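This report concerns only the one structure given below.
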Amino acid sequence: MSAKRTAQAAAAADARRAPEALSKGEPDIEKLRVFSGLSEKEHTPFYAGRESLIRGVLQSTETAADRTGAGEFSQGATWLIQGAPGAGKTAFLREVGRDPRSRGQAPWEGRLPAVAEIPLQDLGDEARVATRIAEALLRGASKEFRRTVQTAISGGGRFLFGTGFEASLSVGGGRQVVTAPPSATLDTLRNLAPECWKRPLVVVADEIQDVGIEALNVLRQLHLGEHGLPIVPVYAGLASAEDALDDIEGTGRGLTRIVPERVVMIGRLGPEEAEQAVWRLLDECGVRGREGSDLPEALAAATEGWPQHLHNGMRILARALAESGGNLALVDRGEVLEAEMQTRDGRHGKRKTRPMRNSKVFVARLMRAAKNEEMDRPEILERMERLSEAGRRRDERLPDGMDAEEFLTGHLLRKGALQEEEDGKLRCPIPCLSMHLVEAGGERGKADVLPERDA
Ligand SMILES: Nc1ncnc2c1ncn2[C@@H]1O[C@H](COP(=O)(O)OP(=O)(O)OP(=O)(O)O)[C@@H](O)[C@H]1O
Ligand SMILES: [Mg+2]
């Protein structure tokens, strides 16, 4: 790297880093080890990017709180974060209620919301949802309030949680566990002590593309805000999630009037955002010899900012750093990048379902066509049928006993090989997966098997 670029990189790094995030003194080998030992799905301690989206959600919680204060309720409050597997949906849900300072960002001027995470299977049970919400509110309440509650429960039993929300509380694993009676509804949450509602609340649910019709009642209440509480629902799911919410399980019933600006497709991080995640790792682990390094840039470029690849690449880097005593100068950068590439390839391999593997030439031909021609759903379904008809061998056709619709929805879309984007075209959302699938089809995968169509 030239001296000029080194100086620029150093200046950019200074501007980027919040002083409190910097580690002082010795490299933190333990921290490097712990991070490198995380699984590929565990939440990263070095989250970066998507800050404006996070703040957009926080802003809507402020608005919800203000409206509630004014006696209004907000319709269509639901946020929907969509993306292919590994785009960082679950991670986003984890970060949304966190203090931005933990990411080295400027503080949030408003009230940080409490966050209630509702497992998908609980959404069909209103009392359970109320329980989860009450628990989250209690966690978010002041220490004094929690102490009062603690004293009142001493050993368990029923407790009037404020003025009317009766729940039983116990202490489990160092925290207060709330159990609302089966009759609890979202409306009854209004009776909680005002102390609990000093902050707004975000309700999060993941994998919402798999939502069942039994959840409709709770989803609607949360969406329409008729409970009159400062609650903002934030759901995450695959790119099919909006359709799934609009028409749950094909019943023709679902959520209406979702505000389009609140349906957000997430994917790769920008180069600077991806680099920033790597810088956080180096800075916060006090890595030596990091000043002016272009490794963050190289790793961000190699992974094309795809969160899952980046996370895996950073874990590989952390392991190499731990082994070299936290000194970047001793790390073989070529080895790190090579290992990252191998991991990425292995991951692409795992992403394929058996039918995708059995029809690998068919998939390769389709991916090539999807890349070059930008097709919408009906077009791609038609192309699948024609390709399959033209296929001679088994791996050149649709999987046995499966029609185009089923293979597209249940396999290609589900596994992130394709994704329906805002303009209606189906594209591969994961950088380099498309290339991998084409390569896997070998020479036959590259053959043009369809006759030119008459105009
Ligand atoms: N902005 C980010 N900065 C750093 N790491 C991230 C970021 N977003 C996601 N990650 C990390 O990348 C990995 C994959 O993200 P995550 O599990 O959230 O993806 P997902 O979209 O929920 O995938 P799936 O559909 O398979 O559940 C996680 O370890 C996560 O912590
Ligand atoms: Mg996830």
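The values are calculated or read from the model by the stated rules, or taken from the named source; none is laboratory data. Keep in mind it's a predicted model, so treat the numbers as computed, not measured. Cβ coordinates were reconstructed from backbone atoms using ideal geometry, including for glycine residues, and neighbour counts include every protein chain displayed.
When Glu144, Glu51, Glu95 are checked against the criterion of being within 16 Å of ligand 2 (Cβ to nearest atom) and of a type in the set (D, E, K, R), Glu95 stands alone in meeting it. Counting only helices (runs of 4 or more DSSP H) that fall entirely inside the range 195-300 and contain at least 2 residues that are within 16 Å of ligand 2 (Cβ to nearest atom), the qualifying elements are 241-246.
Checked against the criteria, Asp400 does not count as more than 17 Å from Arg354 (Cβ to Cβ), acidic (Asp, Glu) and either part of a loop (DSSP other than H, G, I, E, B) or in contact with a Lys or Arg (Cβ under 9 Å, 6 or more places away or on another chain) (or both). So if I check each of Arg111, Arg98, which one is under 30 Å from Arg351 (Cβ atoms) and in a loop (DSSP other than H, G, I, E, B)? On inspection, the qualifying residue turns out to be Arg98.
Cβ-Cβ distance below 8 Å, separation of 6 or more or different chains: which pairs start in the range 320-346 with a residue that is on the phi > 0 side of the Ramachandran plot and crowded, with 18+ Cβ neighbours inside 10 Å and end on one that is in a helix (DSSP H, G or I) and not β-branched (Val, Ile, Thr)? Taking only residues 6 or more apart or on different chains, the pairs are Gly326/Leu32. Do the conditions hold for Thr90, that is, is it among the β-branched types (Val, Ile, Thr) and either more than 16 Å from ligand 1 (Cβ to nearest atom) or free of Cβ contacts under 8 Å to residues at least 40 places away in the same chain (or both)? Answer is no for this residue. Any residue at all in the range 160-174 that is more than 16 Å from ligand 1 (Cβ to nearest atom), surrounded by fewer than 19 Cβ atoms within 10 Å (Cβ to Cβ), at pLDDT below 90 and of a type in the set (A, V, I, L, M)? Among the residues of the range 160-174, at least one is more than 16 Å from ligand 1 (Cβ to nearest atom), surrounded by fewer than 19 Cβ atoms within 10 Å (Cβ to Cβ), at pLDDT below 90 and of a type in the set (A, V, I, L, M), which makes the answer yes. For the range 183-222, filtered to residues that are under 20 Å from the mean Cα position of the chain (by Cα) and closer than 15 Å to Asp125 by Cβ, the residue that is farthest from ligand 1 (Cβ to nearest atom) is Leu219.
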